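Chemist: The structure's right below; bear with me while I get my questions together.
The values are calculated or read from the model by the stated rules, or taken from the named source; none is laboratory data. Bear in mind that the values here come from a model prediction, so they are computed numbers and not experimental data. Neighbour counts are summed over all protein chains in view; Cβ atoms, including those assigned to glycine, are modelled from backbone coordinates with ideal geometry. Heads up: the accessible areas ignore ligands, DNA and RNA and are worked out on the full protein's heavy atoms, side chains in. Shrake-Rupley method; radii C 1.70, N 1.55, O 1.52, S 1.80 Å.
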Amino acid sequence: MRVVALALLLLLLSACAGQSPVIQVDGTRFHHLDGSPRPFVVLPHADQRVDTAFATTADQIGAALAALGWQRQERADGQAAIVRFRHDVDAPVQETVLSPSALPPPGIWGYRRRWDDPFPYWQAQRVVTSLKWLSVTIADGGDASAAPLFEGRVTSRRGGAEIGPILPYLVRGMFDGFPGPSGVTQQKALPVQP
């Protein structure tokens with residue numbers, strides 16, 4: 001009996017160790033794009049400060065669009081699509097997460113569902129998460145008053161309160177399958193890059 005239990009435990013541990021970590025992102029896109037590549041320029045919003053963080057994110061977005069065949073330009077010429085973006089971290093939110101446990105909660109006796117259930121108890125744990133988001137808008141460079149060609153927003157709760165480490169994954173989530181179905185929220189599990 002002990003040999004079987006040990007074998008099952010080793011099998012479970014090897015299955016957990018073989019999986020690579022992923023970052024969950026949720027993305028919603030609205031667009032009028034046909035998917036054909038076009039020239040583009042990345043510009044800041046009027047109230048947006050152009051700093052190193054802006055330049056790094058602009059380069060990541062530019063590289064993602066260039067990988068799809070779009071041609072990046074340095075200046076707006078009236079013909080190139082205008083790409084603008086914002087990113088931020090929302091205020092932290094405290095949540096309670098329930099997970100199954102084989103041990104009763106400390107200090108009290110929990111409700112046991114069945115005598116043969118391997119995880120008869122539920123453990124409550126409070127976690128603090130911060131919603132990190134990236135919003136991208138693509139407009140027609142020739143008609144500034146027209147509706148945007150593309151609007152997308154990608155969010156993730158992964159990680160701490162810093163957006164820097166998660167931002168490349170938000171960009172990947174935005175442009176994975178670009179332009180994608182319009183008006184649909186998609187959940188994606190992006191493998192963590194070493």
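Chemist: Could you give every pair whose Cβ atoms fall below 8 Å, whose first residue belongs to the range 13-28 and is more than 18 Å from L131 (Cβ to Cβ) and open to solvent by 70 Å² or more (accessible area, probe 1.4 Å), and whose second residue is at pLDDT 50 or above and among the hydrophobic types (A, V, I, L, M, F, W, C), counting only separations of at least 6 or pairs across chains?
Modeler: From residues that are more than 18 Å from L131 (Cβ to Cβ) and open to solvent by 70 Å² or more (accessible area, probe 1.4 Å), the pairs are S20/V192; P21/V192.
Chemist: Suppose we filter D59, D88, D77 for residues that are part of a helix (DSSP H, G or I) and either charged (D, E, K, R) or farther than 19 Å from D34 by Cα (or both); which single one remains? Even if it seems obvious, please write down each step before you answer.
Modeler: Details: D88 fails: part of a helix (DSSP H, G or I); D77 fails: part of a helix (DSSP H, G or I).
Exactly one of D59, D88, D77 is part of a helix (DSSP H, G or I) and either charged (D, E, K, R) or farther than 19 Å from D34 by Cα (or both), namely D59.
Chemist: Collect the residues in the range 139-194 that are among the hydrophobic types (A, V, I, L, M, F, W, C) and either open to solvent by 50 Å² or more (accessible area, probe 1.4 Å) or in a helix (DSSP H, G or I) (or both), keeping them in residue-number order. Spell out the reasoning first.
Modeler: So the first thing to find is which residues in the range 139-194 are among the hydrophobic types (A, V, I, L, M, F, W, C), and the list is 139, 144, 146-147, 149-150, 154, 161, 163, 166-167, 170-171, 174-175, 178, 184, 189-190, 192.
Result: A144, A147, A161, L167, L170, V171, M174, F175, V184, A189, V192.
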